[in-house]
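Structure, as structure tokens:
None of the figures in this text is laboratory data; all of them are computed from the coordinates on show. For clarity, every value in this text was computed on a predicted model and none was experimentally measured. Note that each Cβ is placed from the backbone with ideal geometry, even for glycine, and that neighbours are counted across all protein chains shown.
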Amino acid sequence: MNKQTTCVCGQEIEVPFVNGEYDICNLECPNCHRISTGGNFKTGVVDSWMSRESVNAANRDYQAQLRDADNNEFYGRGNW
């Protein structure tokens, strides 16, 4: 029941079927190391890929936003 998807670099990747859904969140291309970032769990279609560098940059930005929010809440609003 597993499906195949194609990374933007052209590499074919198997999409595993787990617990009644396609596991599109844990795919990494063995060729270019891009990570699947979007798609349909029911059909197994992956429609978005990001490079490892882009994912790491997004995670750094997210962590900075969380830190700012925690500081804002801890020190009170408006105390920049």
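In the set 10, 20, 44, only one residue is under 18 Å from the mean Cα position of the chain (by Cα) and among the small types (Gly, Ala, Ser); that residue is 44. For region 1-30, the set of residues classified as out of contact with any strand residue (DSSP E or B) (no Cβ under 9 Å at 6 or more places or on another chain) and part of a loop (DSSP other than H, G, I, E, B) consists of 10, 11, 19, 20, listed by residue number. The set of residues in region 37-55 that are surrounded by 11 or more Cβ atoms within 10 Å (Cβ to Cβ) and not in a strand (DSSP E or B) comprises 40, 41, 43, 44, 45, 51, 52, 54, 55. I'm trying to understand the selection: among the residues of region 1-43, which are of a type outside the set (Lys, Arg) and either over 25 Å from residue 56 (Cα atoms) or touching a residue at least 60 places away in the same chain (Cβ under 8 Å) (or both)? Correct list: 1, 2, 4, 17, 18, 19, 20, 21, 43. Look at (1) within 18 Å of the chain's Cα centre (by Cα); (2) without any contact (Cβ under 8 Å) to a residue 40 or more places away in the chain; (3) assigned to a loop (DSSP other than H, G, I, E, B) and you find that residue 61 fails only one, number (3).
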